[in-house]
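Enquirer: Have a look at this one before I ask anything.
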Amino acid sequence: MPIRTRRGRAAAYRALWEWPLHSPARLFAVLAVLVAVVVGFSYVGGAVSGPSTPGRALGPASTTAPGAASGSGSAPVTELRPRSLPLSDAPPVALAVAERWTRAWATHPPGTTPAQWTAGLAPFTTDEYLATLAEVDPANVPGTRVTGPPQAVEVRPEAVRVQVPTDAVRLELLMVQVAPGDWRVSGYDRAS
């Protein structure tokens, strides 16, 4: 059986926990202080972050979620979305990279290995997506040449969706800005 003494660190902790339990008045006083501290922190946290009004727009990057009740008494829910820009604001560099990437994608003469094919795509592709493309057999790529200019279909500050026609399919590329002026493909699919 362990020896219990009133000395040492354990005894000090035990004394702290036992003190509020000596009487109901002490217990209620400690609980009241804890509630006051929690409320105080909540109030200070709200004052630091600024007032919040339910449904308040968060600038041009937010919209009200579909189906939000406006007259039912409940506050509308805001949904953050990056702001869209006019299609004419598509960076020419992003469009040029999209066209070069599609030309490299469509260049796969018979006997091209996946390593050779992805080496041609590497200068225009994000590192993460290049690892995914390394799994593709170039013999399964349907297009052989680009047949028209790239067209932006969605423009955001740091991402652009671009469609590029080939002789087999129209590709839709997701272009992302990885550094100022450096645009890369981070995904593609067949355009609908």
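The values are calculated or read from the model by the stated rules, or taken from the named source; none is laboratory data. Not measured: the values here are computed from a predicted model. Positions of Cβ are generated from backbone atoms using ideal geometry, with glycine treated the same way; all protein chains shown enter the neighbour counts. Note: accessible area is taken over every heavy atom of the protein model, side chains too, but ligands, DNA and RNA are not part of it. Shrake-Rupley method; radii C 1.70, N 1.55, O 1.52, S 1.80 Å.
Enquirer: Kindly establish whether VAL35 is at pLDDT 80 or above and farther than 30 Å from ARG145 by Cβ.
Expert: Here the answer is yes, as VAL35 does meet what is asked.
Enquirer: Another question, if that's okay. Within the range 81-126, restricting attention to residues that are more than 17 Å from ARG145 (Cα to Cα) and among the charged types (D, E, K, R), which residue is modelled with the highest pLDDT?
Expert: ASP89
Enquirer: Looking at the range 106-117, can you tell me whether even one residue there is open to solvent by less than 30 Å² (accessible area, probe 1.4 Å) and in contact with a Phe, Trp or Tyr (Cβ under 7 Å, 6 or more places away or on another chain)?
Expert: no
Enquirer: While we're looking at this one, here's another question. If a residue has to be more than 11 Å from THR102 (Cα to Cα), part of a loop (DSSP other than H, G, I, E, B) and open to solvent by 40 Å² or more (accessible area, probe 1.4 Å) to count, how many in the range 142-192 make the cut?
Expert: Qualifying residue count for the region: 8.
Enquirer: Those residues that are closer than 23 Å to ASP167 by Cβ and in contact with a Lys or Arg (Cβ under 7 Å, 6 or more places away or on another chain), I need them from the range 98-142; list them, please.
Expert: ALA106, PHE124, THR125
Enquirer: With respect to ALA168, determine if the residue is small (Gly, Ala, Ser), in contact with a Leu (Cβ under 7 Å, 6 or more places away or on another chain) and over 21 Å from PRO92 (Cβ atoms).
Expert: So ALA168 does not fit the description; no.
Enquirer: Next question. Within the range 130-137, identify whether any single residue is surrounded by 17 or more Cβ atoms within 10 Å (Cβ to Cβ), part of a strand (DSSP E or B) and either free of Cβ contacts under 8 Å to residues at least 60 places away in the same chain or within 30 Å of the chain's Cα centre (by Cα) (or both), and answer yes or no.
Expert: No; the residues of the range 130-137 include none that is surrounded by 17 or more Cβ atoms within 10 Å (Cβ to Cβ), part of a strand (DSSP E or B) and either free of Cβ contacts under 8 Å to residues at least 60 places away in the same chain or within 30 Å of the chain's Cα centre (by Cα) (or both).
Enquirer: Go through the range 106-129 residue by residue and tally those that are in contact (Cβ under 8 Å) with a residue 40 or more places away in the chain and either over 27 Å from the mean Cα position of the chain (by Cα) or farther than 13 Å from GLY187 by Cα (or both).
Expert: So the count comes out to 1.
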